[in-house]
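Structure first, commentary second.
The values are calculated or read from the model by the stated rules, or taken from the named source; none is laboratory data. Since the model is a prediction, treat every value here as computed from it, not as a measurement. Here Cβ is always computed from backbone atoms with ideal geometry, including for glycine, and neighbour counts include all displayed protein chains.
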């Protein structure tokens, strides 16, 4: 019997029982759609984390104050990082491209009738370049402005909205920080929280020397950010930074550090690994639903074999071989799964796009996920179609013809 006729007979059997075929394919459709949707969401989340790594800078180290250690026991007092520490790193540390000290505190900021509480950061002009910000309007303050302790401010993208002012109109406007008037000379491009607990768009940058002497009255820094010359030398650079700070803090050999060094890449790498694990978990759940759909197809095919016992007996009596009967039922099972897989891919892709638009989630529909789902649905059809097909092919024609 030609293969074309086998295909025609198989699809005719599917069409005759169209409602049952649709209900049979439903399990595969749901499984494939779930697989496409979940993998798309997981892949989109991974892309988002990678974008955050690039935005924060994989070549950055952040230094934080630690606890003072006495005889191996942490004391209540915290050791501070100072402007002198930042200057020592810029002067003596090798492998560093830039050093950015940050004097930070949440303060009340007033403009007209509006009053907000945001993070005010005293820092150096290279903050924007090192932290990968961009100035949307105006300019960043210069080293001369910092040295002259100018009362200039560069605001985050959310500040104009919080003060009910247009971003462009914000340039040249006076704002009051702790009762001292500052002129806004720049507005930064929107960046968001980038995985941190602080929204980077809700901060105001002022010159470090201005913050040190006019606002905070201290040289104790919240953190120091350093940019590496080469990311591949990050381990060596961390050792060198540790050497300089231990010398500045007069820590004896064998003593514990009273500061912390963190890599942005390490933090976001943990987030990326968590996202990958979550994606695999979701894909596994979707795969289970595909298996359930496959079991449903096997059950329906077994019922179909029972219902068509006399038909099988007639075909065998007319000369149909075991191979032809086997192939016919295998084609039926495979067709059900592949058609269900195609519909599931369409439904899953649409679901991923809808979720992305409605919930503002990051999704990434990859050809790999589509190909994997389609091949998996075909494999389910082959695997769960073997038993019913073998049962049909193995029937005795005499027994089949006598079946009522």
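Descriptive notes on the structure:
- The lone criterion from (1) buried (at least 17 other Cβ atoms within 10 Å of the Cβ); (2) at pLDDT 70 or above left unmet by residue 288 is number (1).
- Candidates are the residues of segment 228-251 that are in contact with a strand residue (DSSP E or B) (Cβ under 7 Å, 6 or more places away or on another chain) and assigned to a helix (DSSP H, G or I); the one that is surrounded by the fewest Cβ atoms within 10 Å (Cβ to Cβ) is 242.
- Residue check for residue 161: under 30 Å from the mean Cα position of the chain (by Cα) and assigned to a helix (DSSP H, G or I): yes
- Positions within segment 174-185 being assigned to a loop (DSSP other than H, G, I, E, B) and touching a helix residue (DSSP H, G or I) at 6+ places or on another chain (Cβ under 9 Å), in sequence order: 178
- Residues within segment 162-188 that are within 15 Å of residue 115 (Cβ to Cβ) and free of Cβ contacts under 8 Å to residues at least 24 places away in the same chain, tallied: 1
- Per-region count, segment 110-144, residues over 32 Å from the mean Cα position of the chain (by Cα) and assigned to a strand (DSSP E or B): 5
- Number of the exception - residue 220 against (1) on the phi > 0 side of the Ramachandran plot; (2) surrounded by 14 or more Cβ atoms within 10 Å (Cβ to Cβ): (1)
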